[in-house]
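Heads up, the thing below is written out as structure tokens.
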Amino acid sequence: MVRVRFAPSPTGALHIGGARTALFNWLFARGKNGKFILRIEDTDRERSTLEANKAIFHGLEWLGIDWDEGPNVDGPFGPYYQTERLAIHQKHVQQLVDEGKAYYCFCTTEELERKRQEAEARKEAPRYDGACRKCSSAEIKAKLESGLSKVVRFRLPPVGETIVNDLIRGKVVFKNEVLDDFVILKSDGFPTYNFACVVDDHLMEITHVIRGDDHLSNTPRQILLYQAFGWQPPEFAHIPMILGKDKARLSKRHGATSVIDYSALGYLPEAMINYIARLGWGHGDQEVFSRAELIEKFSLGNVGKNPASFDLDKLNWLNGQYIRKILPERLFDLCEPLLIEAYGTHDIDYMKRVVSAFHDRLVLIPDIVPLSVYLFRDDFEYEPKAVEKYFKTEHAKAILTSLKDRLDRFDPFKKENIEPIFKQLAAEMNVKLGVVIPPCRLALSGRSETPPMYDVVEILGKERVIGRLNKAIASIF
């Protein structure tokens, strides 16, 4: 069975890069009828926080990425917090020490820093020189008994090469000579990332490790650890990094990077899922995918090698597409608290009609507030350019005056009955409907663009329509 995992470090909120890694793993698992595991790698005790844990859960839940095993779900391979697996890690470290595949290192931080500076002065890549791997058993015993601070290092094969057969990048070869005897257990007794994830991935029976390509350089060390234990490594797939439109690595200056930030800004989770899936993956020319289609069509073979570009304009377009698809009831539930906060409490049926009028015009949910202001307030200004274009014409005053008189005599004030009034006036004046509607739109809204004119007239109602037409006639002409 396919078993994949998302293993975030709880040092901050779930960002776009992490969300994409989680999504690719989730889609792969769901498409293969496998298992998606959430494991929290919280061994960085100084930076890991409970708040970050909650933020990660919140982000995944908002996106609809559920996990089969992990925190709050459990499973047969727990615990799923790495700090709760400390005894497991230490046991496996000791196994490598006992087998001579790892050793204690007593070098101080000052010594290591001096050696690093000396290597840089020689224009060499800093790497551990293996000083402590030469210690005799007696020396090691004496230093252990004296209580000196220590770490445990992996005894790296000094020659040869390590091959990563990556499912996305193909064959990648690393020379062992450019690596060094890396630390597997820190002085505080906690394992390093490379060691802990190997042990946990093996014991949790992970079959595929799908992660960002910034981890590719870690992979040869991890493969060497698998070999040292005599374990079969999982298959690796390293997905491309995400860049901004300026080709720089994605950061806060490119816009909100926390998934929950996008929720607050008015993006729909299904739009975010669709967009994130397309960051580095594609299926022909298709842009819009349902969740079921993503599960069906996702494959690692269609993940590219080149960096993905985060394009906010495309995300906005996609969000607009999804807003048009959602049910009116859901759209109203999303818009109602924003309208009440901006304009106070109004009749619920009136607010529903307002939201319905903008259903196919919203890009972000909060757009409903500025777009609908003239439907809640009478104190608006006319767009200056629109005044020049639509009020200062030979027909404008006659159009507004005639519309006011005809609408004032008309009942019931419904859209299907309002439309003929505009068309009849245009025919009588021997002008196109495109001449009649714009000055009325401007008078009623102060704008040159609104939802369909007959919808706006009906929503406002006779009293407000007549009042605004009178105001426009009096103030402009």
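The values are calculated or read from the model by the stated rules, or taken from the named source; none is laboratory data. Please read all numbers here as calculations on a predicted model, not as lab measurements. No Cβ is skipped: glycine too gets one built from the backbone with ideal geometry, and neighbour counts run over all protein chains shown. What goes into the accessible areas is simple: the full protein's heavy atoms, side chains included, and nothing from ligands, DNA or RNA. Shrake-Rupley method; radii C 1.70, N 1.55, O 1.52, S 1.80 Å.
Under a 5 Å amide H cut-off, with hydrogens placed 1.01 Å from N, I239 pairs with R211, G212, D213 among residues at least 5 apart or on other chains. For K389, the aspartates and glutamates whose Cα falls under 15 Å of its own Cα, not counting residues fewer than eight places away in the same chain, are E449. Note on the chain: antiparallel DSSP beta bridges, both residues inside, total approximately 55 percent of the bridges counted.
Take the Cβ atoms of E61 and Q95, set R0 to 45 Å, and the FRET efficiency comes out at 0.75.
Only protein heavy atoms count here; on that basis, with a 1.4 Å probe, L96 has an accessible area of about 0 Å². When both bridge partners sit in segment 157-272, DSSP labels roughly 60% of those beta bridges antiparallel. Taking all protein chains together and rolling a 1.4 Å probe, E161 ends up with roughly 90 Å² accessible. What is the helix-to-structure angle for 86-98, meaning the angle in degrees between its Cα long axis and the longest Cα principal axis of the chain, kept from 0 to 90 and rounded to the nearest 10? Taking the Cα atoms of the chain, the angle to 86-98 is about 40 degrees. On a 0 to 90° scale, report how tilted helix 462-476 is relative to the longest principal axis of the chain, with both axes built from alpha carbons and the result rounded to the nearest 10. Helix 462-476 and the main axis of the chain meet at about 80 degrees.
Counting heavy atoms of the protein chains alone, V288 has an accessible area of about 40 Å² for a 1.4 Å probe. Only one residue of G320, T83, I418 has its Cα farthest out toward the positive end of the dipole of the chain, where Lys and Arg carry +1 and Asp and Glu -1 on Cβ, and that residue is G320. Would you mind classifying segment 328-376 by shape? Square roots of the alpha carbon gyration tensor eigenvalues, ordered a ≥ b ≥ c; an a/c under 1.5 is rounded, otherwise it is prolate if a/b is larger than b/c and oblate if not. Rounded. Per residue, the average separation of C-alpha pairs within less than 8 Å and at least 6 apart gives segment 177-242 a relative contact order of 33 percent. For segment 285-402, the solvent-accessible area with a 1.4 angstrom probe is 56 square angstrom per residue.
Between R330 and K247, full extension at 0.36 nm per residue minus the direct alpha carbon distance yields a gain of 26.2 nm.
A 1.4 Å probe run over segment 1-147, with the rest of the protein chains in place, finds 51 Å² accessible per residue. Heavy-atom accessible area, probed at 1.4 angstrom with all protein chains present, ranks E41, E458, E113 as E113, E458, E41, highest first.
What fraction of the Cα pairs in the chain, stated in percent, has a spacing above 45 angstrom? Result for the distance tail: 36 percent. For the residue pairs K91/K305; K91/K186; K247/K297; K314/K352; K123/K305, the C-alpha atoms sit more than 26 angstrom apart in K91/K305; K247/K297; K314/K352; K123/K305.
The share of accessible area on segment 328-376 that comes from carbon and sulfur is 57 percent, using a 1.4 angstrom probe. Of all aspartates and glutamates in the structure, the ones whose alpha carbon falls short of 13 Å from that of K101, not counting any fewer than 8 places away in one chain, are D181.
Using the rule -39500 (n - 2.57) for each DSSP H run of four or more residues, divided by the residues of the chain, the 222 nm mean residue ellipticity is -14000 deg cm²/dmol.
Taking Cα atoms only, the orientation of helix 415-429 departs from the longest principal axis of the chain by about 60 degrees. Partner lysines whose Cα lies under 25 Å from the Cα of K385, excluding those fewer than 8 positions away in the same chain, are identified as K397, K404, K432, K471. For the chain, a simple Cβ point-charge model (Lys and Arg +1, Asp and Glu -1, everything else neutral) yields a dipole of about 900 debye relative to the Cα centre. Specify which residue in the list H395, V355, S372 is farthest towards the positive end of the charge dipole of segment 332-477, using unit charges on the beta carbon of Lys, Arg (+1) and Asp, Glu (-1), about the Cα centre. Going by the Cα projections, it comes out as H395. Across segment 256-362, the fraction of Cα-Cα pairs farther apart than 15 Å, rounded to a whole number, is 68%.
Using the Cβ-Cβ distance between T393 and T345 with R0 set to 56 Å, the FRET efficiency works out to roughly 0.90. The slack in the chain from N302 to R406, taken as 0.36 nm per residue of separation less the alpha-carbon distance, amounts to 31.3 nm. With pairing defined as another cysteine C-beta under 4.7 Å, the cysteines of the chain that fail it are C107, C135, C197, C335, C440. Taken as Cα centroids, segment 264-319 and segment 411-477 sit 42 Å apart, rounded to the nearest whole angstrom.
Expressed as a whole percent, the accessible area of segment 410-468 that falls on carbon and sulfur atoms is 51 (1.4 Å probe). Annotation note: trypsin sites (Lys or Arg not before Pro) in segment 24-81 located in DSSP loop regions with a Cβ neighbour count of at most 12 within 10 Å are R45, R47.
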